[in-house]
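See below for the structure under consideration.
The values are calculated or read from the model by the stated rules, or taken from the named source; none is laboratory data. Because the structure is predicted, anything quoted here is derived from the model rather than measured. When we count neighbours, we look across all protein chains shown, and the Cβ atoms used for this are built from the backbone with ideal geometry, even at glycine.
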């Protein structure tokens, strides 16, 4: 990721080589942490499903902000211009291969990342003691959630970020069980990779700290947390020098007296129109955010306009029978899972306790973030919360609760298949779909 961000604009094979080495290192990392993740027989089928989701109408992906505010069109444009955002230093390792691989090549990478994320999720559930039935229904629920399914089928940084989060949790468990320096370095490297994918991912330092402290193994914490901080202190200036003037510029600059000249100003300018701290004091905003993240980002609302979803909330968003069923079943499963989760936290191994506390920390940190930051774009930022919640649900599923989880999984799978199909059909009625294809071909 570091090398890809410093490569000069040149022959497409250079970026493609960096992409190939990146994916080889991802596979090697997974094999080193838990080789069983790669042996899930359904990984290829899930990747094919994600990659084929928008095969009927790829032009829908190139309509700016059309699909739930996703930014495939912008990332393609930036790949052609060889432009890197300071907030996504390492994401070019995916996107800069566009001139050689085309849009389909980028989507395949997203699909593979989504499939690996689901496999890592299943491995974490198994580590928490979940049986095959619980892992199956919870895996379908997580894998078919509107957020994961959509973001694994477009070009975005959120799924690779969630994959790095899940791998960090696997590495945390490994380190708690064997707290040697090599395992601590692995966590630090994964934290740096996550921060390189998106600076937003610095929040992962909190769950890692919480999990380590809960397992009563704080040794090497300074090393783990210091690697991403020191790494970014080196990485950002080098990319800035390679990119030249305008590296820190952002679309929020228009509201300030001068363009952003460093990473702090970039974040201030970018966040000015998104961050609303006063929302944290409003119970209504918390309820709306919870609904957007754990209902509307899980089960899509049929007939909703993709470009306004889930930003626009109406009375029907709360009263739709399918959404009520999704919310009710999720709440029921959470209530039923609590006793088992508490028992595992008390009687389980230090690794299990550390993983459970890390998941709780993800939910708490993200709850504050999602309420304050870009609340209308909750679907984009929902994945860490959904990952943590579904891990807790799966770990606590017992007896007949698995039937309720199965019903919820089927509801989510069937509804979202229709929602994503309908989004493509709606895009085909817009004249700009063909124009998007033309723009993409011309820039390539």
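When the stretch 124-140 is limited to residues that are in contact with a helix residue (DSSP H, G or I) (Cβ under 7 Å, 6 or more places away or on another chain) and over 13 Å from residue 337 (Cβ atoms), the one that is surrounded by the most Cβ atoms within 10 Å (Cβ to Cβ) turns out to be 124. The residue list 159, 155 contains one member that is within 14 Å of the chain's Cα centre (by Cα), in a loop (DSSP other than H, G, I, E, B) and touching a residue at least 12 places away in the same chain (Cβ under 8 Å), which is 155. Residue 313 falls short on exactly one of the conditions (1) in contact (Cβ under 8 Å) with a residue 12 or more places away in the chain; (2) not in a loop (DSSP other than H, G, I, E, B), and that condition is (2). Within this structure, residue 150 passes the test of being buried (at least 24 other Cβ atoms within 10 Å of the Cβ) and either assigned to a helix (DSSP H, G or I) or within 20 Å of the chain's Cα centre (by Cα) (or both). Scanning the stretch 192-212 for residues that are assigned to a helix (DSSP H, G or I) and under 14 Å from residue 88 (Cα atoms) returns 192, 193, 194, 195, 196, 197, 199, 200, 201, 202. For the stretch 117-137, check the following and say yes or no: at least one residue is at pLDDT 95 or above, assigned to a helix (DSSP H, G or I) and closer than 25 Å to residue 238 by Cβ. No, that holds for no residue.
When the stretch 64-116 is filtered for residues that are more than 26 Å from residue 422 (Cβ to Cβ), touching a helix residue (DSSP H, G or I) at 6+ places or on another chain (Cβ under 7 Å) and part of a loop (DSSP other than H, G, I, E, B), the ones remaining, listed by number, are 84, 89, 90, 91, 96, 97. Applying a threshold of 7 Å to beta carbon distances and a minimum spacing of six or more residues, or different chains, the list of pairs starting in the stretch 1-27 at a residue that is at negative phi and ending at one that is surrounded by fewer than 18 Cβ atoms within 10 Å (Cβ to Cβ) and in a loop (DSSP other than H, G, I, E, B) reads 9/82; 14/7; 15/7; 18/7.
Pairs only if they're at least six apart or on different chains, beta carbon under 6 angstrom, first in the stretch 112-123 and in contact (Cβ under 8 Å) with a residue 40 or more places away in the chain, second crowded, with 24+ Cβ neighbours inside 10 Å and not in a helix (DSSP H, G or I); list them, first residue then second. Going by the 6 Å Cβ cut-off, the qualifying pairs are 114/152. Here the stretch 243-264 is the region considered, the condition is being within 25 Å of the chain's Cα centre (by Cα) and closer than 24 Å to residue 233 by Cβ, and the residue that is surrounded by the fewest Cβ atoms within 10 Å (Cβ to Cβ) is 264. Inspection of the stretch 213-236 identifies at least one residue that is touching a residue at least 24 places away in the same chain (Cβ under 8 Å), part of a loop (DSSP other than H, G, I, E, B) and either in contact with a strand residue (DSSP E or B) (Cβ under 6 Å, 6 or more places away or on another chain) or buried (at least 20 other Cβ atoms within 10 Å of the Cβ) (or both). Quick one: is residue 202 at pLDDT 95 or above, surrounded by fewer than 20 Cβ atoms within 10 Å (Cβ to Cβ) and out of contact with any helix residue (DSSP H, G or I) (no Cβ under 7 Å at 6 or more places or on another chain)? No; evaluated as a whole, the condition is false for this residue. When the criteria are applied in full, residue 78 meets the requirement of being buried (at least 17 other Cβ atoms within 10 Å of the Cβ) and without any contact (Cβ under 8 Å) to a residue 60 or more places away in the chain. With respect to residue 350, is the statement that it is surrounded by fewer than 19 Cβ atoms within 10 Å (Cβ to Cβ), touching a residue at least 40 places away in the same chain (Cβ under 8 Å), in contact with a helix residue (DSSP H, G or I) (Cβ under 7 Å, 6 or more places away or on another chain) and farther than 30 Å from residue 128 by Cβ true? Considered against the rule, which asks whether it is surrounded by fewer than 19 Cβ atoms within 10 Å (Cβ to Cβ), touching a residue at least 40 places away in the same chain (Cβ under 8 Å), in contact with a helix residue (DSSP H, G or I) (Cβ under 7 Å, 6 or more places away or on another chain) and farther than 30 Å from residue 128 by Cβ, residue 350 comes out as no.
Of all the listed residues (87, 58), the sole one being surrounded by fewer than 24 Cβ atoms within 10 Å (Cβ to Cβ) and within 18 Å of the chain's Cα centre (by Cα) is 87.
When 363, 356 are checked against the criterion of being assigned to a helix (DSSP H, G or I) and more than 19 Å from residue 202 (Cα to Cα), a single residue qualifies: 356. Filtered by the rule that a residue be assigned to a loop (DSSP other than H, G, I, E, B) and farther than 20 Å from residue 74 by Cβ, the stretch 245-273 gives 245, 256, 257, 258, 261, 262. Within the span defined as the stretch 420-431, every residue fails to be closer than 21 Å to residue 119 by Cα, in contact with a helix residue (DSSP H, G or I) (Cβ under 7 Å, 6 or more places away or on another chain), modelled with pLDDT of 85 or more and surrounded by 15 or more Cβ atoms within 10 Å (Cβ to Cβ). Can you work out which of the residues in the stretch 37-51 that are assigned to a helix (DSSP H, G or I) and surrounded by fewer than 13 Cβ atoms within 10 Å (Cβ to Cβ) is farthest from the chain's Cα centre (by Cα)? Here the residue is 39. Listed conditions (1) touching a residue at least 40 places away in the same chain (Cβ under 8 Å); (2) not in a helix (DSSP H, G or I) are all met by residue 399, apart from (1).
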